[in-house]
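Take a look at the structure set out below.
Every number in this text was worked out from the coordinates using simple rules, so none of it is lab data. In this text, all values refer to a predicted model and were calculated from it rather than measured experimentally. Quick reminder, even Gly has a Cβ in these numbers, built from the backbone with ideal geometry, and neighbours come from all protein chains shown.
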Amino acid sequence: MDYEVTTMERDDKVAIITINRPEAMNALNSKVLEELTARMDEVQGNNEIWCVILTGAGKAFVAGADIAEMSSLDPAGAEAFAKKGQALFDKIEQLRCPVIAAINGFALGGGCEISMACDIRYASVKAKLGQPEVNLGLMPGFGGTQRLSRLVGRGKAKELIFSADMVRAEEAHRIGLVDQVFEPEELMEKTVAMAKKICSKAPIAVSKSKQAINEGLDLPLSGGNDLEAKLFGGLFALEDTKEGTSAFLEKREANFQGK
């Protein structure tokens, strides 16, 4: 694919993916969705990548979906566009390795929705988040009604979506929409540090932990425990598990290989 609106850099086992439409505040149009889908497929197929950081170029993370593109859609086209975004965000959520959102500015509409598909959300103190779609006679279409309610609770999600209110980073942290808040100059440093910390762990164990959390939340507790036990047992066939337990007993640093 000829990438025009996204970039991907590598920092050892960390991939930093940047949405690069600063002139449009990184609004999500079809081209961005297609490129991000291809980027996630590339990550999924590269076992040398153990963690992903997703961020935006310029002053915004993602200011929303591209209204100019959406304004000409008919109902069938709008539903197809929503499903395209949902498919990408599901892919991010289900990626084998963790994805950390570095929210450097506005994360509105589709921007808030894509951040919620990530495993961890770090935000600049200057960030603002929200689902303002009803201001335009629209509603969240990329999974916002579903993920927001799961993150902050049904009542708070309804309040934010019905009112179209934006929340500052500190309030987003208080209600559980973001996980940590940093000064702007520290955001990427702290995000990369967490990504590298994750990369120092056994990657398949991290991946299976992610799977257990994501899939287990939709199961009754007994079903979630059964899933956890099955995934836990499967790790004992891996070289990394043998290495990790041996390193602990021998009081040395483990050297994980992702095998």
| query | Among the residues of the range 64-84, is any in contact with a strand residue (DSSP E or B) (Cβ under 7 Å, 6 or more places away or on another chain), in contact (Cβ under 8 Å) with a residue 12 or more places away in the chain and part of a strand (DSSP E or B)? | reply | yes
| query | Since residue 182 meets every condition but one in (1) surrounded by fewer than 12 Cβ atoms within 10 Å (Cβ to Cβ); (2) in contact (Cβ under 8 Å) with a residue 24 or more places away in the chain, which condition does it not meet? | reply | (1)
| field | Output for the range 95-127, where each listed residue is among the β-branched types (Val, Ile, Thr), outside any strand (DSSP E or B) and over 9 Å from the mean Cα position of the chain (by Cα) | value | 125
| message | Show me the helices (runs of 4 or more DSSP H) found entirely inside the range 148-242 where at least 1 residues are more than 17 Å from the chain's Cα centre (by Cα) and farther than 30 Å from residue 257 by Cβ. | response | 154-163, 169-175, 221-234
| When you go through (1) more than 16 Å from the chain's Cα centre (by Cα); (2) over 19 Å from residue 135 (Cβ atoms) one by one for residue 92, which number turns out not to apply? | (1)
